[in-house]
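The values are calculated or read from the model by the stated rules, or taken from the named source; none is laboratory data. Not measured: the values here are computed from a predicted model. Glycine gets a Cβ as well: all are built from the backbone with ideal geometry, and neighbour counts include every protein chain shown. Accessible surface is based on the protein model in full, side chains and every heavy atom, while ligands, DNA and RNA are left aside. Shrake-Rupley method; radii C 1.70, N 1.55, O 1.52, S 1.80 Å.
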Amino acid sequence: ELNYPARLNCAAELLDHAAGARVALRGEHASWTYDQLRAQVDRIAHVLRGPLALETGNRVLLRGTNTPLMAACVLAVIKAGCIAVPTMPLLRARELGAIAGKAKVDAVLCAQSLRAELDAVELPPAARTRTVYFGGAGHDSLSPDSPESLEALMAAQPAQFAAADTALDDICLISFTSGTTGIPKGTMHFHRDVLAICDCFPRSVLGSRADDIFIGTPPLAFTFGLGGLLLFPLRVGACAVLLEKATPEMLLAAIAAHRATVCFTAPTFYRQMAALIGACDPASRRSVSAGGAWAPGFRYDLSTLRRSVSAGEALPTATRDAWRSATGLEMIDGIGATELLHIFISAADGNVRPGATGKPVPGYQACVLDYDGRPVGPGVIGRLAVKGPTGCRYLDDPRQADYVLDGWNLTGDAYETDADGYFYYRSRTDDMIISAGYNIAGPEVEDALLRHPAVAECGVVGRADEQRGQIVEAHVVLKADVVPSAELVAQLQDFVKSQIAPYKYPRAVRFLASLPRTETGKLQRFKLRLPGVG
Ligand code: 3SK
């Protein structure tokens, strides 16, 4: 049971309990204790309420990579009683403009390194005059007394700010998702939602602790990253390492350098990291796999890592297996949604069952419904419905009525349960391929293809077909040095037939240089379905 006081400011709650001298955030250029983070947040909150003249409930667009200052901006907006509207760093001017307009933002805090795209946006006039920049370096930095410089404005402010007196169900965050369809939706979340996600998955599945060092790749603008790399660590007084950019190799090196204990990233990253570890000297790799001490000469010391969380996309069993054999770690898979803020089905340790995402995270309920909204039993694929302390509230969007039915959130995922109550992801509801009367889940075919040594990445969709209604079409990215050929197509088809029911094999196979993905790494299958693709 989650009980929060009627008057609640979640940013103050997260910041105010941890021991001041402990390190809260480590970035590439700054490392802050809890006391230092609080002081930065408070100065920014003063800037918002003072020089920028914002009022409670005003909306502030945030644009920045994962840095301590960006994290402080998010917390400051909320502590000041305003509403944070974080945006993904790679968004272009047109997308930023659509978000700024839809959210009717009143101000903007933007990283200096990302300002070029923002400067091309037509912002609401009040927001344009209240746009400030932070975090430049070298020739990129603003002069220390520029009225546009957040740091210059902060320097004139006191280091203590009394948190705005907000209610537990005041909105503090509007998180945008373009989902896999490309049309952005704003999801609104309360102060109590922010604490609820910290008090559900991290407590009952992850088991986060004050001595943890969190690390990972999802942007703070994606609620997967906001939770895993800022809110969850703060809730237990732990430390988070914020990486401005990371390749799989850089993440492995950073885990080792920071002695990280908890990693949050997406399945494709784990797959690539497992491949890099696999390429190391096998003798030294074995000592890491045994969960033991780091072997000298081994390139990546992962001996401190105790938790690896995968979400943002379905986890292929092949990837789970590859990560386990490379590191000895059992991955914690989870499904979350921007609409529900964070992970609501997951499993860890002895509760992991092969192929299953897990069970509802304590605090959440889940069931599988047929297309008439009736619950179906184990072994039947249907629509996932979820209920819990967080839920979908779209900002001014008719799609609200499709998402929430009788208090249940219909996430758009096709799931199946087993007799023990485990939930198995099958596909997005609109990714089910119906071919000659067979229901085929694209991700199952993808998992089979990923086991072939020539395949680096793949996406499987249905393509309209006169005879079969649809056929299974695989879009395959080959590993470096593998040459596409008709023989390879036949080999891949035979391989899939040897792994899963033969009627599921891809009748069409196309080779691509890369797959279309959202900024959060989700495969955009709708793009693979466009005419002329492949
Ligand atoms: O979108 C997702 O898949 C997700 C996963 C975990 C936590 C949060 C989100 C939005």
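Run down 202, 218 and say which single residue is open to solvent by less than 30 Å² (accessible area, probe 1.4 Å), free of Cβ contacts under 8 Å to residues at least 60 places away in the same chain, touching a helix residue (DSSP H, G or I) at 6+ places or on another chain (Cβ under 8 Å) and within 13 Å of the ligand (Cβ to nearest atom).
On the way: 218 fails: free of Cβ contacts under 8 Å to residues at least 60 places away in the same chain.
That would be 202, the only listed residue that is open to solvent by less than 30 Å² (accessible area, probe 1.4 Å), free of Cβ contacts under 8 Å to residues at least 60 places away in the same chain, touching a helix residue (DSSP H, G or I) at 6+ places or on another chain (Cβ under 8 Å) and within 13 Å of the ligand (Cβ to nearest atom).
Would you mind stating whether residue 265 is open to solvent by 10 Å² or more (accessible area, probe 1.4 Å) and at pLDDT 95 or above?
Numbers: open to solvent by 10 Å² or more (accessible area, probe 1.4 Å): no; at pLDDT 95 or above: yes.
Criteria not met by residue 265.
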Inset, instruction - Can you confirm whether the stretch 506-529 contains a residue that is closer than 25 Å to residue 355 by Cβ, open to solvent by 50 Å² or more (accessible area, probe 1.4 Å) and more than 16 Å from the ligand (Cβ to nearest atom)? - result: yes
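Which one is modelled with the lowest pLDDT among residues in the stretch 486-505 that are assigned to a helix (DSSP H, G or I) and open to solvent by less than 40 Å² (accessible area, probe 1.4 Å)? So that I can check it myself, show each step before the final result.
From the stretch 486-505, those assigned to a helix (DSSP H, G or I) are 486-499, 502-504; that's our starting set.
Among the residues that remain, those that are also open to solvent by less than 40 Å² (accessible area, probe 1.4 Å) are: 488-489, 492-493, 496, 504.
Values: 488: 97, 489: 97, 492: 97, 493: 97, 496: 94, 504: 91.
Within the stretch 486-505, the match that is modelled with the lowest pLDDT is 504.
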Legend entry - Count of the stretch 1-11 residues which are surrounded by fewer than 23 Cβ atoms within 10 Å (Cβ to Cβ) and touching a residue at least 12 places away in the same chain (Cβ under 8 Å): 6
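Does residue 37 satisfy the condition of being open to solvent by 10 Å² or more (accessible area, probe 1.4 Å), over 15 Å from residue 134 (Cα atoms) and either assigned to a helix (DSSP H, G or I) or at pLDDT below 95 (or both)? Before the answer, list the steps.
On the way: open to solvent by 10 Å² or more (accessible area, probe 1.4 Å): no; over 15 Å from residue 134 (Cα atoms): yes; either assigned to a helix (DSSP H, G or I) or at pLDDT below 95 (or both): yes.
The answer is no for residue 37.
Can you pull out the residues in the stretch 223-247 that are at pLDDT 95 or above and open to solvent by 20 Å² or more (accessible area, probe 1.4 Å)? Full working, then the answer.
To start, the set of residues in the stretch 223-247 that are at pLDDT 95 or above comprises 223-244.
The answer is 235, 236, 243, 244.
So, in the stretch 224-239, exactly how many residues are within 16 Å of the ligand (Cβ to nearest atom) and either under 18 Å from residue 269 (Cα atoms) or among the aliphatic types (A, V, I, L, M) (or both)? Outline the logic, then answer.
In the first step, residues of the stretch 224-239 are kept if they are within 16 Å of the ligand (Cβ to nearest atom); the result is 224-233, 235.
Then keep just the ones that are either under 18 Å from residue 269 (Cα atoms) or among the aliphatic types (A, V, I, L, M) (or both); that gives 224-226, 228-231.
Matching residues across the stretch 224-239 total 7.
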Inset, instruction - Show the residue pairs that are 6+ apart or on different chains and have beta-carbon atoms under 6 Å apart, the first residue being within the stretch 392-421 and surrounded by fewer than 18 Cβ atoms within 10 Å (Cβ to Cβ), the second being modelled with pLDDT under 95. - result: 397/185
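Out of 466, 473, 446, which single residue is of a type in the set (Asp, Glu) and over 30 Å from the mean Cα position of the chain (by Cα)?
Details: 473 fails: over 30 Å from the mean Cα position of the chain (by Cα); 446 fails: over 30 Å from the mean Cα position of the chain (by Cα).
So the residue among 466, 473, 446 that is of a type in the set (Asp, Glu) and over 30 Å from the mean Cα position of the chain (by Cα) is 466.
Let's see how each residue does on (1) modelled with pLDDT under 95; (2) under 27 Å from residue 2 (Cα atoms); (3) of a type outside the set (D, E, K, R):
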position: 378; (1), (2), (3): no, no, yes
position: 385; (1), (2), (3): no, yes, yes
position: 393; (1), (2), (3): no, yes, no
position: 398; (1), (2), (3): yes, no, yes
position: 404; (1), (2), (3): no, yes, yes
position: 431; (1), (2), (3): yes, no, no
position: 441; (1), (2), (3): yes, no, yes
position: 447; (1), (2), (3): yes, no, no
Legend entry - Counted residues, the stretch 323-361 - those being of a type in the set (Val, Ile, Thr), within 11 Å of the ligand (Cβ to nearest atom) and part of a helix (DSSP H, G or I): 1
Legend entry - Test set (1) within 16 Å of the ligand (Cβ to nearest atom); (2) at positive phi - residue 174 fails condition number: (2)
Legend entry - The one condition in (1) open to solvent by less than 20 Å² (accessible area, probe 1.4 Å); (2) free of Cβ contacts under 8 Å to residues at least 12 places away in the same chain that residue 374 fails to fulfil: (1)
Legend entry - Flag for residue 196 being surrounded by 20 or more Cβ atoms within 10 Å (Cβ to Cβ) and within 15 Å of the ligand (Cβ to nearest atom): yes
